[in-house]
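Report on one structure; see the data block that follows.
The values are calculated or read from the model by the stated rules, or taken from the named source; none is laboratory data. What you see is a predicted model, and the numbers here were worked out from it, not measured in a lab. Reconstructed Cβ throughout: ideal geometry from the backbone, glycine too, with neighbour counts over all protein chains shown. To get the accessible areas, we keep the full protein, side chains included, count just its heavy atoms, and leave off ligands, DNA and RNA. Shrake-Rupley method; radii C 1.70, N 1.55, O 1.52, S 1.80 Å.
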Amino acid sequence: MESCVLLKNDGTLPLSLKDHKRMAVIGPNADSHAALVGNYNGTPPRSITVVEGITRICEDTGWDVNYAEGCLLYDDPSVRKVFQNYRIPEAVALAESCDLAIVCVGLDSTLEGEQGDVGNAFASGDKPDLLLPKIQRDLVEQVIATGTPVILIDLAGSPIDLSAYEDQVPAILHAWYPGGEGGRAIADILFGKVSPCGKLPLTFYYNDGPLPDITDYHMTGRTYRYFEGRPWKPFGFGLTYGELQITEAKVTEVDYTKEIPSAQITIHCQNPTDRDLSDVIQVYVHVNGSSNEVPNHKLAAFERIRLDAGESKEFRITIPPMAFTTVDNSGNRVFDGTSATLYLGFSQPDLTEEDQKIYTGNRGQVFAVTL
């Protein structure tokens, strides 16, 4: 639950077990055991796929759960085209007969890994782009075209650009490779037994965005610290089934006892909802007055917090001394700034005017600290 990242939700999720509806669970990763574990993994004593997890949670309820594979994971030249394509019409017909479609797409270790990994279908594990394989895109588009509401669940170990469907589906969940019990965890999220509370540990770019080739170790144009455009979903992003609120925050202490200062922030948070929630407070720093500082900002500290329904609590987060340093062209870490801008919130700060680097709160607060 803490790793699955909710990328979009218009309020459709969580579903209610009290409903009496007919559901279609569709897609090449809906009943895939391989997509649960990725690679560099052990062998779980048992594994529960997404369709199995949904079927189990819906036992003895009014939900009627139905499954169709829809398509293979990718266009396999060893399989005759007619046999690859017949699955899509079956899935479309099922979606048309249902009130809701859960479409499980993505990758597994046969499509992404490292060079030399046995079984990688494309470029020794290197993805040719940030999109789903073409046959999966065909499946998603045709199921969406039925008019049945679609919830997209993406199982993959790397970013996939699903922005083309964002305005057409009510919810998108990126579940990574969720492990042997992944199907149960995803079902618990879908039906609100738990709230998703994962955050993206990397930037999800648009597929057609201007990203430089990785030919050296210069970071210009890469990662949230240097990227000048707008990503599809930023580093640190992730929704929950409610919003915790920061009601008060202040820098309570700046420690100059060492050569480089550290700081402590006291935060008052409340959960105004009727649901127990977990979220991640993130603190970003930008050192001012240094020619070595990264163009945007950098994550300095974070802490997962949990608040019961209606609960309020105080938290303290320490900003370590290294956050107020920069790295020069020789790779040396130096303390050469005059001040720092601190942003505290549940995601990255917004840059309203990128050329001026003006930070605004996104359910968060901005502080100025003199160094």
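A few notes on this one:
- Normalised radius of gyration (Cα atoms, divided by 2.2 N^0.38 Å) for the chain: 1.09.
- Taking the chain and dividing mean pair separation by its residue count, relative contact order in percent (alpha carbons under 8 Å, at least six apart): 16
- When only the Cβ of Lys, Arg, Asp and Glu is charged (+1, +1, -1, -1), the dipole of the chain relative to its Cα centre reaches about 400 debye.
- Protein accessible area in the chain, 1.4 Å probe - carbon and sulfur %: 48
- Too-long pairs where the Cα-Cα distance tops 27 Å, listed order kept, from Lys8/Lys193; Lys18/Lys233; Lys21/Lys127: Lys18/Lys233; Lys21/Lys127
- Accessible area (Å², per residue) of the chain, counting only protein heavy atoms and a probe of 1.4 Å: 47
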